[in-house]
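Data block below; observations after.
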Amino acid sequence: MTESAIRVEGVFKRYGQNTVLNNIDLDIKEGEFVCLLGPSGCGKSTLLRLIAGLDMPTEGKIYLKGKDATFLPASKRNFGIMFQSYALFPNLTAFENVAYGLRNQKLANKTVNEVVNRYFAMVGLTEARDRYPAQLSGGEQQRVALARALATNPSFLLLDEPLSALDAKVRIKLRREICRIQRELELTTIMVTHDQDEALTMADRIIVMNRAMIMQSGTPQQIYERPESRFVADFIGAINFYPDFDKGGRLSAVRPENIRMGTEPEEGSLCAELETMEFRGSFCRLTARLTGMQRNDELMVDLPYSEVKQLDLKVGGVVYLNLPSQQVLHFAEQGA
């Protein structure tokens, strides 16, 4: 993963007075899996469309494998694409949906059959090849759409919230399948999502966007453990914010799983009243309100369920919280 597969330089996209992308710079390496993550309206799908050639930038350049492709038609960019809507042809079988692009390339029937069968086997859907889309579940339709996107041997795979319409179990299974296939093919992939779990579990690198700009780029671990702004910290996972008077009034933050809770005071611990307990399977999310201080902070704490049982915690009881200094983040009022 050394060669630059996709490079975006100084890209702006405007619709009238509305700036949808504001000076975007992005470099994606060959074989990398990148997630564009952010809230609705932040510009991530627009950026994907510009890379695909489905729209053109107002300013800036887009390079594919080192060549200027800013105004290259989509048909010349050699990408496979999956959208949130599967866009399968309802009057064609699953097999013919995947074969469609290959037949347009005037390939021999034998070659089409070999290629389609290969990708049906890859996505685990060989038995469904003769069914029509209406006869397939949502997850099966998405697998057909994935096979279709891969069948033409694209240089890039572009995914625009492809799993958002599926139920939780199917979504998790397809996440793993997409990652397995992407690594097997070493295929440069960009996925747009607003789902932080998808980004954290699938991406080699996450690009966090907000208000038409890139806020931070990094590995999932870097984004989660060392967010560079309050927005990124708040958007990725649960976090507690509180004013730290010892740091000159700056805003401090700590992840719920990094707070230790006990029923006996320790050096440096904070006294609190346990207000709520939410059972979440393997862990419980607790909220505790600090007591005996001028401020009235409420902190979320995540503890393994086994530890909650061992401590015999009860709502309304007194608990003591320890905030490890090395895991506390500090932010200026509006940023890092």
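State all residues of the stretch 14-33 that are surrounded by 13 or more Cβ atoms within 10 Å (Cβ to Cβ), under 11 Å from Thr46 (Cβ atoms) and free of Cβ contacts under 8 Å to residues at least 60 places away in the same chain; if no residue qualifies, say none.
Arg14
For the stretch 246-289, please list each of the strands (runs of 3 or more DSSP E) lying entirely inside it that holds at least 2 residues being surrounded by fewer than 13 Cβ atoms within 10 Å (Cβ to Cβ).
Details: elements: 250-254, 260-262, 270-279.
Qualifying strands (runs of 3 or more DSSP E): 270-279.
For the stretch 74-81, indicate whether the set of residues that are surrounded by fewer than 16 Cβ atoms within 10 Å (Cβ to Cβ) and not in a helix (DSSP H, G or I) is non-empty. So that I can check it myself, show each step before the final result.
Going through the stretch 74-81, the residues surrounded by fewer than 16 Cβ atoms within 10 Å (Cβ to Cβ) turn out to be 74-76, 78.
Then keep just the ones that are not in a helix (DSSP H, G or I); that gives 78.
So far as the stretch 74-81 goes, yes, one or more of its residues are surrounded by fewer than 16 Cβ atoms within 10 Å (Cβ to Cβ) and not in a helix (DSSP H, G or I).
Here is a list: Asn153, Asn97, Asn91. Which entry is part of a helix (DSSP H, G or I) and in the same structural domain as Lys13 (by TED's automatic domain parsing)?
Values: Asn153 fails: part of a helix (DSSP H, G or I); Asn91 fails: part of a helix (DSSP H, G or I).
Residue meeting the stated conditions: Asn97.
At pLDDT 95 or above and within 28 Å of the chain's Cα centre (by Cα): is that true of Leu146 in this structure? Spell out the reasoning first.
Details: at pLDDT 95 or above: no; within 28 Å of the chain's Cα centre (by Cα): yes.
Considered against the rule, which asks whether it is at pLDDT 95 or above and within 28 Å of the chain's Cα centre (by Cα), Leu146 comes out as no.
Does Arg143 qualify as being surrounded by 17 or more Cβ atoms within 10 Å (Cβ to Cβ) and within 27 Å of Lys76 (Cβ to Cβ)?
On the way: surrounded by 17 or more Cβ atoms within 10 Å (Cβ to Cβ): yes; within 27 Å of Lys76 (Cβ to Cβ): no.
It is false that Arg143 is surrounded by 17 or more Cβ atoms within 10 Å (Cβ to Cβ) and within 27 Å of Lys76 (Cβ to Cβ).
Considering only residues that are in a loop (DSSP other than H, G, I, E, B) and under 28 Å from Glu228 (Cα atoms), which ones fall in the stretch 298-334? Reasoning before the result, please.
Filtering the stretch 298-334 for residues in a loop (DSSP other than H, G, I, E, B) gives 312-317, 323-324, 328, 332-334.
Within the stretch 298-334, Leu323, Pro324, Val328, Ala332, Glu333, Gln334 qualify.
Identify all residues within the stretch 151-168 that are within 21 Å of the chain's Cα centre (by Cα) and touching a residue at least 40 places away in the same chain (Cβ under 8 Å); write none if there are none.
Within the stretch 151-168, the first condition is being within 21 Å of the chain's Cα centre (by Cα), and the residues that meet it are 156-168.
If the condition is that a residue be within 21 Å of the chain's Cα centre (by Cα) and touching a residue at least 40 places away in the same chain (Cβ under 8 Å), then Phe156, Leu157, Leu158, Leu159, Asp160, Glu161, Pro162, Ser164, Ala165 are the ones that fit.
Name, by its number, the condition in (1) closer than 30 Å to Phe79 by Cα; (2) surrounded by 14 or more Cβ atoms within 10 Å (Cβ to Cβ) that does not hold for Ile239.
The single condition Ile239 does not satisfy is (1).
Taking Tyr86 as the residue in question, decide whether it is among the hydroxyl-bearing types (Ser, Thr, Tyr) and crowded, with 18+ Cβ neighbours inside 10 Å. I'd like the intermediate steps shown before the answer.
Working: among the hydroxyl-bearing types (Ser, Thr, Tyr): yes; crowded, with 18+ Cβ neighbours inside 10 Å: yes.
Yes, satisfied.
Only one of (1) exposed (fewer than 14 other Cβ atoms within 10 Å of the Cβ); (2) β-branched (Val, Ile, Thr); (3) assigned to a strand (DSSP E or B) is not met by Thr111, so which one is it?
(3)
Please find, within the stretch 226-245, the residue that is farthest from Thr276 (Cα to Cα) out of those that are in a loop (DSSP other than H, G, I, E, B) and not polar (S, T, N, Q).
We begin by selecting, within the stretch 226-245, every residue in a loop (DSSP other than H, G, I, E, B); these are 226-229, 236-239.
Now drop any that are not not polar (S, T, N, Q), which leaves 226-228, 236-239.
Working: Arg226: 28, Pro227: 28, Glu228: 30, Ile236: 23, Gly237: 19, Ala238: 16, Ile239: 16 Å.
Ranking the candidates gives Glu228 first.
Yes/no matrix, rows are residues, columns are (1) out of contact with any Gly (no Cβ under 7 Å at 6 or more places or on another chain); (2) part of a helix (DSSP H, G or I); (3) surrounded by fewer than 17 Cβ atoms within 10 Å (Cβ to Cβ):
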| position | (1), (2), (3) |
| --- | --- |
| Ala149 | no, yes, no |
| Leu157 | no, no, no |
| Ile181 | yes, yes, no |
| Ile190 | yes, no, no |
| Glu198 | yes, yes, no |
| Ile206 | no, no, no |
| Ile214 | yes, no, no |
| Tyr224 | no, yes, no |
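Filtering the stretch 36-73 down to residues that are assigned to a loop (DSSP other than H, G, I, E, B) and touching a residue at least 60 places away in the same chain (Cβ under 8 Å), which residue is surrounded by the fewest Cβ atoms within 10 Å (Cβ to Cβ)? If you could, list the steps in order and put the result at the bottom.
Kept after step one, since they are assigned to a loop (DSSP other than H, G, I, E, B), are these residues of the stretch 36-73: 38-43, 53-58, 65-66, 69-73.
Retained after the next criterion (residues that are touching a residue at least 60 places away in the same chain (Cβ under 8 Å)): 38-40, 42-43, 65-66.
On the way: Gly38: 28, Pro39: 12, Ser40: 7, Cys42: 23, Gly43: 23, Lys65: 15, Gly66: 10.
Restricting to residues being assigned to a loop (DSSP other than H, G, I, E, B) and touching a residue at least 60 places away in the same chain (Cβ under 8 Å), the top hit is Ser40.
The values are calculated or read from the model by the stated rules, or taken from the named source; none is laboratory data. Keep in mind that this is a model prediction, so the values were computed, not measured. FYI the Cβ positions are ideal-geometry reconstructions off the backbone, even for glycines, and counts take in every protein chain you see.
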